[in-house]
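Trainee: Take this structure, written in C-alpha cells, and hold onto it; I'll ask about it next.
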Amino acid sequence: MLSIRFGDDREWWTSSGNFERLLSSAISQGQVAPEHQELRDVAAANGGLDLLDEVDAETGNRLVSGLQAAARHDLEEMTHVPTGSIDDGYRASLDKFLAAVGDPA
C-alpha cells in the first residue's frame with residue numbers, strides 16, 4: 001500500500017498498481033507531463049509521497065489536477081465493469097482518490 005498525500009490533511013491509500021495505472025493514464029491522456037513518470041519509483045521506494053511537497057507548489061497543483069481529470073475520465077470509461085474484477089478495484093480506488101482531493105465522483 002502507498003500513502004499518496006496532497007498536503008497535510010488529505011491522503012489516498014492505494015496499491016502501487018492503482019497509483020501506477022492512474023499516473024500512466026494521466027500521462028497518456030496528456031493531463032500530466034511525461035517527466036512525472038518518475039513519481040512511481042519515488043512512491044514505491046518510500047511507501048508513498050506527498051504530491052504537493054515533491055515538486056514546487058504550482059507544479060504540484062497541476063499534477064493533482066491532471067490526476068483528477070484522468071480519474072474522472074477513467075471512471076467514465078468504466079461504467080460496466082464486473083464486480084470483483086481488477087477494473088472494479090481500480091474504480092473503487094479512483095472514487096477514494098477523488099474523495100481525498102475533495103472531488104467526489
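Where a number appears in this text, it was derived from the coordinates with a stated rule and is not lab data. The structure displayed is predicted, hence computed values, not measured ones. Methodologically, a virtual Cβ is constructed for each residue, glycine included, from the backbone with ideal geometry; neighbour enumeration extends over all protein chains shown.
Trainee: Could you grab the Rg to Rh ratio for the chain? Cα atoms only, Kirkwood for Rh.
Mentor: Values: Rg = 12.7 Å, Rh = 13.6 Å.
Here the Rg-to-Rh quotient is 0.94.
Trainee: Going 7 Å from the Cα of A44 in the Cα-to-Cβ direction, what parts of the stretch 51-74 have a backbone nitrogen less than 13 Å from that spot?
Mentor: Answer for the stretch 51-74: none.
Trainee: Under the rule of at least 5 residues apart or a separate chain, name every residue whose amide H is placed under 5 Å from the amide H of V101.
Mentor: So V101 has HN proximity to no qualifying residue.
Trainee: Name the long-range amide H neighbours of L49: under 5 Å, sequence gap of 5 or more, or other chain; modelled H, no Pro or chain starts.
Mentor: Residues meeting the criterion, in which the H sits 1.01 Å from N, are S3, I4, R5.
Trainee: To the nearest 500 deg cm²/dmol, what mean residue ellipticity at 222 nm is calculated for the chain from DSSP H runs of n ≥ 4 alone, each contributing -39,500 (n - 2.57), summed and divided by the residues?
Mentor: Dividing the helical sum by the residues of the chain leaves -18000 deg cm²/dmol.
Trainee: Going by how many other beta carbons lie within 10 Å of each one, how would you line up T14, T83, T59, fewest first?
Mentor: T83, T59, T14
Trainee: Using only the alpha-carbon atoms, how far is helix 86-100 inclined from the longest principal axis of the chain? Give it as 0 to 90 degrees, nearest 10.
Mentor: 50
Trainee: Put +1 on the Cβ of each Lys and Arg and -1 on the Cβ of each Asp and Glu in the stretch 32-105; which of A45, L63, H73 then has its Cα farthest toward the positive end of the dipole?
Mentor: Checked the options; the winner is H73.
Trainee: If I take R0 = 25 Å and measure r between the Cβ atoms of A92 and S16 in this structure, what FRET efficiency does the formula 1/(1 + (r/R0)^6) give, to the nearest 0.05?
Mentor: It comes out at approximately 0.95.
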